[in-house]
1. Please compute the length gained on full extension between T95 and L8, using 0.36 nm multiplied by the number of residues separating them and subtracting their Cα-Cα distance.
2. Can you give the three extents of the C-alpha atoms in the range 21-128 along their principal axes, from longest to shortest, in whole Å?
3. What distance in nm separates the simple spin-label points at Y36 and K82, each placed 7 Å from Cα in the Cβ direction?
4. Karplus couplings for the range 53-61 from phi (6.51 cos²θ - 1.76 cosθ + 1.60, θ = phi - 60°), rounded to Hz, Gly and Pro as x?
5. Just to make sure I understand: if all protein chains stay in place, what is the order of Y61, Y147 by accessible area at 1.4 Å, largest first?
6. Quote to one decimal, in nm, the extra length available between Y61 and Q164 on full extension: 0.36 nm per residue of separation minus the C-alpha distance between them.
7. If you plug each phi of the range 100-108 into the Karplus form 6.51 cos²θ - 1.76 cosθ + 1.60 with θ = phi - 60°, what whole-Hz ³J(HN,Hα) values come out, in order, with x for Gly and Pro?
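The values are calculated or read from the model by the stated rules, or taken from the named source; none is laboratory data. Only a predicted model underlies this, so the values are computations on that prediction, with no experimental measurement involved. We place every Cβ from the backbone using ideal geometry, glycine too, and count neighbours over all the protein chains shown. Keep in mind that these areas ignore ligands, DNA and RNA; they rest on the heavy atoms of the full protein, side chains included. Shrake-Rupley method; radii C 1.70, N 1.55, O 1.52, S 1.80 Å.
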Amino acid sequence: MTEKTIRLEPRKSHHFWWYVIGVLLTPLLVGLYILYKKISELSGTFYKITDRSITTVHPTYTEMVDIENINEVDIHQRWTDKKFGIGTLQLKTNTRRVELIGLENPEDLAKMILKAAEMQRKRILDQKKRNSQKTELNPGSMDRLDYLTGLWQQGLITNDEYNQEKKHFEGD
């Protein structure tokens, strides 16, 4: 099954005040440096969301969190963020926090992430239940199955014979 991937990028309007300060300080050349740093920082930042994990790729680091480990998603919005319809999501696990800054529709994203986390936890639990319910072999069957496997590995019996006999041992 193919894993679904979504790529999100932070909105540049998240750093609105940095741009304002940069423009105001442009005559002092400090403003150009501020503008350059913020634009280069945001242009190299993106978030890769898959069925199983969320990865933050930043120009200086990459951070990944498994979706099933996410317990809580907090939304942080300044008043300017609310005007632009963006916000910062803080993903909380038992051991750490990961921030996704400058994302559109943060409320909807938070709901989707929490729902995906719950679904992933349920899927893992169901898989564990299925693995624990596998048919158990009767006493002595393992020894006979090992003997049969040895014959098959030595080439003394064919694949078809091996599979047919294996069914008999597992049915005991």
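1. Details: separation 87, 0.36 × 87 = 31.32 nm, distance 2.42 nm.
Contour length minus Cα-Cα distance gives 28.9 nm.
2. On the principal axes, the range 21-128 reaches 63, 29, 21 Å in Cα extent.
3. 3.7 nm
4. 8, 10, 10, 9, 10, 10, x, 10, 7
5. On the way: Y61 105, Y147 155 Å².
Largest to smallest exposure gives the sequence Y147, Y61.
6. Numbers: separation 103, 0.36 × 103 = 37.08 nm, distance 5.38 nm.
Length gained between Y61 and Q164: 31.7 nm.
7. In residue order, the calculated couplings are 10, 9, x, 9, 6, 6, x, 5, 5 Hz.
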